Amino acid sequence: MYSRKVIQKFEETLNNPQAHNVGRMDAKAKNVGTGMVGAPACGDVMRLQIEVNDKDVITDCKFKTYGCGSAIASSQQMIEMLIGKTLDEAKNIKDREIAELLELPSIKIHCSVLAEDSIKKAIADYESKKA
Amino acid sequence: MKSNLVYFDYASTTPVDKRVAEKMHECLLLDGNFGNPASRSHEFGWKADEAVEKARLHVANLVKADSREIVWTSGATESDNLAIKGAARFYKDRGKHIITSKIEHKAVLDPCRQLEREGFEITYLDPDENGVISLDNIKKHVKDSTILLSIMHINNELGAVNDIEEIGKFTRENNIIFHVDAAQSTGKLPIDLSKLDVDLMSFSGHKTYGPKGIGALYVSRKPRIRLEALIHGGGHERGFRSGTLPTHQIVGMGEAFRIAADEMEKDNHNIAQLADLFWKEVSDIEEIYLNGSFENKIPNITNISFAYIEGESLIMALKDVAVSSGSACTSASLEPSYVLRALGRADELAHSSIRFSFGRFTTEKEVKMVAETTKRVVRQLRELSPLWDMYKDGVDLEKVEWVTH
């Protein structure tokens, strides 16, 4: 039921978490936005943190995800798409792109939806600190 | 099959024992015992019939029944269907209330749902926190209209054992038909139907090193239990179950049950040691919970919740180990195990359960390897888990306001 891409991303992340942006940043820092979405009851929780420079460019990301292999692979895919993007560009990342890149089956679409939601929340958190 | 794969899923199915496969081989080809057991007019039929009856004796012998009380079916699912729907429909004039439990196999729950559509009333009992159905709980729900009780002997996800001896005494006194799904029991716990007050009992071939596609239903003769058949056409099996008997399958199940009777003690001794070793190896992992209790479960099944890790990712990380998350029939869905839910386990624990099940061919080397791998991947997945961070930070997960989708 998993595509080769999901398995590859999952295993890379599992076996070498540091190199794949697993971790956390100081949630209180002004240049960091945190978004946590999902719930243990649903079987997945994703926490995304973005570090943004003064030109509104995402310079680094960290994440941790509780969830199935697809949820972890979706997080990884999302990170790759985020780093180097401006906030406006990041806001336009759609769950469908993530799902297509990972060839997620329909019962796993919620994993990519979760990723999109976490981006929106992380950006909103960052912007609320700046305001 | 990749040779480095380790099979720890004996509760979902077992490989066929070599001795069983050899017996089955003898019943297929032109020079073998291929005849139709129902053919009364020639030697081919007589020989096939003889093999079928010998197998019936082996099955009856394992559970101390009369061979005339054993009806061949296509498997435990069919046996459950025949027992539950067959008894309910036959005895419906006595009453239309049936009692079962929330943690039965789907092969019991789904026929009960069907009977609800036919106008029967079903009570689904809650298990205790270890997955056991107590007699007190049953007594509380019995009514004048109760005709049937269906309770499993051993739960397939937890290995929890119900006291069918005590329950049977009660149902017999109260004139309630007692059906027991014993798909997980044969070769693991001794069963003595000459003493037990059980009226109907389901068996499976493939859970006990026999082939898939064959099972049996014990139908008590004393007292005589009657059933409305589900399949008509030829009146085989004394009208309980029509259809040409699959000699090779039946001979396979018979041989598997013969071996089980001979080797149960040895198998169980080995498996208990391996299960102890496994638990000893993994139990130093923080925040793990055994589902069920050591005091009242078979050693073949060890069901563990690994807190703060999701079960599907754990299965994926344990890639060279065949285990299951919940029951194999539901692992394609995203729902956490309904069995663990019924025990009252918190969602994150129900989502993180893995059933390790051992069997006749499990080795000490495999147990050590799987325990090591489990320890490693649990550590790795917790490093990825925001819930683990929160737990380590002392955050109470019950109090967090989650953003559900």
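Listed values, structure above:
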| quantity | calculated |
| --- | --- |
| Residue count, segment B:392-405 (criterion: part of a loop (DSSP other than H, G, I, E, B) and either in contact (Cβ under 8 Å) with a residue 60 or more places away in the chain or within 9 Å of chain A (Cβ to nearest Cβ) (or both)) | 4 |
| Failed criterion for A:I93 (all others in (1) part of a loop (DSSP other than H, G, I, E, B); (2) touching a residue at least 60 places away in the same chain (Cβ under 8 Å) hold) | (2) |
| Conditions (1) within 24 Å of B:A183 (Cβ to Cβ); (2) loosely packed, with under 15 Cβ neighbours inside 10 Å; (3) not basic (K, R); number of the one not met by B:N36 | (1) |
| Enumeration of residues in segment B:382-400 that are buried (at least 17 other Cβ atoms within 10 Å of the Cβ) and closer than 13 Å to B:E348 by Cβ | B:R382, B:S385, B:P386, B:L387, B:W388, B:M390, B:Y391, B:L397 |
| Hits in segment B:50-73 - residues which are surrounded by fewer than 19 Cβ atoms within 10 Å (Cβ to Cβ) and either touching a strand residue (DSSP E or B) at 6+ places or on another chain (Cβ under 6 Å) or not hydrophobic (A, V, I, L, M, F, W, C) (or both) | B:E50, B:E53, B:K54, B:N61, B:K64, B:D66, B:S67, B:R68 |
| Scope segment A:24-40; condition farther than 18 Å from B:R382 by Cα and either within 13 Å of chain B (Cβ to nearest Cβ) or surrounded by 15 or more Cβ atoms within 10 Å (Cβ to Cβ) (or both); matching residues | A:A27, A:N31, A:V32, A:G33, A:T34, A:G35 |
| Filtered residues of segment B:98-146 (kept if touching a residue at least 40 places away in the same chain (Cβ under 8 Å), of a type in the set (V, I, T), touching a helix residue (DSSP H, G or I) at 6+ places or on another chain (Cβ under 7 Å) and more than 24 Å from B:G75 (Cα to Cα)) | B:V132 |
| Residue in segment A:13-23 that is outside any strand (DSSP E or B), within 14 Å of chain B (Cβ to nearest Cβ), touching a His at 6+ places or on another chain (Cβ under 8 Å) and modelled with pLDDT of 95 or more present | yes |
| Qualifying strands (runs of 3 or more DSSP E) (wholly inside segment B:213-328; at least 2 residues being closer than 30 Å to B:R382 by Cβ and within 14 Å of another protein chain (Cβ to nearest Cβ)) | B:301-306 |
| Conditions (1) among the hydrophobic types (A, V, I, L, M, F, W, C); (2) buried (at least 17 other Cβ atoms within 10 Å of the Cβ); (3) over 16 Å from B:L57 (Cβ atoms); number of the one not met by B:L189 | (2) |
| Residue match in segment B:375-391 (condition: facing chain A (nearest Cβ under 8 Å), at pLDDT 95 or above, over 19 Å from the mean Cα position of the chain (by Cα) and part of a loop (DSSP other than H, G, I, E, B)) | yes |
| Any hit, segment B:106-123, residues being among the charged types (D, E, K, R), surrounded by 15 or more Cβ atoms within 10 Å (Cβ to Cβ) and over 30 Å from B:G243 (Cα atoms) | no |
| Top-ranked residue in segment A:98-125 [being touching a Leu at 6+ places or on another chain (Cβ under 9 Å) and either at the interface with chain B (Cβ under 10 Å from one of its Cβ atoms) or surrounded by fewer than 24 Cβ atoms within 10 Å (Cβ to Cβ) (or both); ranked as modelled with the lowest pLDDT] | A:I107 |
| Per-region count, segment B:123-153, residues touching a Lys or Arg at 6+ places or on another chain (Cβ under 8 Å) and among the hydrophobic types (A, V, I, L, M, F, W, C) | 2 |
| Filter pass, A:I79 being under 30 Å from B:Y391 (Cα atoms), of a type outside the set (D, E, K, R) and in contact with a strand residue (DSSP E or B) (Cβ under 7 Å, 6 or more places away or on another chain) | yes |
| The lone exception for B:K368 - which of (1) at pLDDT 95 or above; (2) assigned to a loop (DSSP other than H, G, I, E, B) it fails | (2) |
| Out of B:A371, B:A350, B:A307, B:A342, sole residue that is within 22 Å of the chain's Cα centre (by Cα) and surrounded by fewer than 24 Cβ atoms within 10 Å (Cβ to Cβ) | B:A342 |
| Residue tally, condition over 18 Å from the mean Cα position of the chain (by Cα) and in a loop (DSSP other than H, G, I, E, B), over segment B:127-140 | 3 |
| Criterion: in a strand (DSSP E or B), closer than 21 Å to B:H153 by Cα and not hydroxyl-bearing (S, T, Y) - qualifying residue of B:I84, B:I122 | B:I122 |
| Single unsatisfied condition, A:A73 versus (1) surrounded by fewer than 16 Cβ atoms within 10 Å (Cβ to Cβ); (2) within 12 Å of chain B (Cβ to nearest Cβ); (3) in contact (Cβ under 8 Å) with a residue 60 or more places away in the chain | (1) |
| Test: residue in segment B:86-95 that is under 20 Å from B:S242 (Cβ atoms), surrounded by fewer than 21 Cβ atoms within 10 Å (Cβ to Cβ) and of a type outside the set (K, R) | yes |
| Residue, farthest from B:A307 (Cα to Cα), within segment A:41-69, restricted to residues that are within 11 Å of chain B (Cβ to nearest Cβ) and surrounded by fewer than 24 Cβ atoms within 10 Å (Cβ to Cβ) | A:K62 |
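The values are calculated or read from the model by the stated rules, or taken from the named source; none is laboratory data. As the structure is a computational prediction, the values presented were derived from the model and not from experiment. Here Cβ is always computed from backbone atoms with ideal geometry, including for glycine, and neighbour counts include all displayed protein chains.
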